[in-house]
Amino acid sequence: MRETANIDGKKVLVRDDIYTWSNLISFSRVLVVFPIIYLHMHNDYQVNSFIWGLILYGAFSDYLDGLVARWRNEISELGKSLDPIADKLAAFFLFIYTVWLGWIPLWYFVLGVMRDTLIMAGSAHIKKERGKVAMSIMSGKVTVNFMAFYWISVFFFPGAENVHIFFMVSSAVMMIVSFVEYKQRYHKIINGADFN
């Protein structure tokens, strides 16, 4: 365990633990995707209360893992990687499913994959050069939520086309904004800024 200051000056303890409650919560976020898709397909593409519950858990777990990590002093190198990877994998499978259904345009999916691939490549380079993983930033979390609202609006409210357009455009803008912020943070870290 070591104490470090992140890029905004806050001091946090970072552990090397693998088996933590916060990591389990992050991992579970990916696992709930498969029952969502299975149940939706086997329920004639209709949403039931069990699907609602799984989706709500997935969304809530994105905040819960970080809260638990800070509350239990379980911030770990694995957790800093696992949280954004869990976000990306869950979003990937849910979005590819709705693209396959024809409910979300392919260009939107490609934009998200390109953004995430570049951010992950930058994170891998930071890990290689600096020996540790940088935590997710708030605009990244906001982007994931805007994307989730878009997906939820399409999945649960297929007739609400104006809402779909609003969330599609808003989340596409946030993808670009958060990418720029990740890129700026990348350059600061590569040039020697402290981070956790």
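Total residues in region 130-180 satisfying the condition of being over 26 Å from LEU54 (Cβ atoms) and at pLDDT below 95: the figure is 8.
Being of a type in the set (Gly, Ala, Ser), in a helix (DSSP H, G or I) and either in contact (Cβ under 8 Å) with a residue 40 or more places away in the chain or touching a strand residue (DSSP E or B) at 6+ places or on another chain (Cβ under 9 Å) (or both) is not true of GLY53. Assessment of region 104-112 against the conditions (over 18 Å from the mean Cα position of the chain (by Cα) and under 19 Å from ILE36 (Cβ atoms)) yields at least one matching residue. Do the conditions hold for ALA134, that is, is it buried (at least 20 other Cβ atoms within 10 Å of the Cβ) and either without any contact (Cβ under 8 Å) to a residue 40 or more places away in the chain or closer than 20 Å to ALA90 by Cβ (or both)? No; evaluated as a whole, the condition is false for this residue.
Somewhere in region 87-97, is a residue small (Gly, Ala, Ser) and over 18 Å from PHE34 (Cα atoms)? Working first, answer last.
Of the residues in region 87-97, the ones small (Gly, Ala, Ser) are 90-91.
From the residues that got through so far, the ones that are over 18 Å from PHE34 (Cα atoms) too are none.
Looking for residues that are small (Gly, Ala, Ser) and over 18 Å from PHE34 (Cα atoms), one finds none in region 87-97, hence no.
Within region 31-51, being under 14 Å from TYR97 (Cα atoms) and aromatic (Phe, Trp, Tyr) holds for PHE34, TYR38, TYR45. Consider region 54-68 and keep the residues that are among the aromatic types (Phe, Trp, Tyr) and modelled with pLDDT of 85 or more. The one that is nearest to ALA134 (Cα to Cα) is PHE60.
Against the definition (acidic (Asp, Glu), closer than 17 Å to ALA148 by Cα and at pLDDT 80 or above), how does ASP44 come out, yes or no?
Values: acidic (Asp, Glu): yes; closer than 17 Å to ALA148 by Cα: no; at pLDDT 80 or above: yes.
No; evaluated as a whole, the condition is false for this residue.
Applying the set (1) surrounded by 14 or more Cβ atoms within 10 Å (Cβ to Cβ); (2) in contact (Cβ under 8 Å) with a residue 40 or more places away in the chain; (3) not hydroxyl-bearing (Ser, Thr, Tyr) to PHE166 leaves exactly one unmet item: (2). Give me the pairs: first residue in region 143-161 and without any contact (Cβ under 8 Å) to a residue 60 or more places away in the chain and over 15 Å from MET174 (Cα atoms), second residue aliphatic (A, V, I, L, M) and surrounded by 16 or more Cβ atoms within 10 Å (Cβ to Cβ), beta-carbon distance under 7 Å, and six or more apart or on different chains, which are they? Note: pairs meeting the criteria are VAL154/ILE104. As for region 106-115, it holds no residue that is surrounded by 19 or more Cβ atoms within 10 Å (Cβ to Cβ), of a type in the set (A, V, I, L, M), within 23 Å of ALA59 (Cβ to Cβ) and in contact (Cβ under 8 Å) with a residue 40 or more places away in the chain.
The values are calculated or read from the model by the stated rules, or taken from the named source; none is laboratory data. What you see is a predicted model; the values in this text were computed from it and never measured. For neighbour counting, all protein chains shown are included, and Cβ atoms are generated from backbone atoms with ideal geometry for every residue, glycine included.
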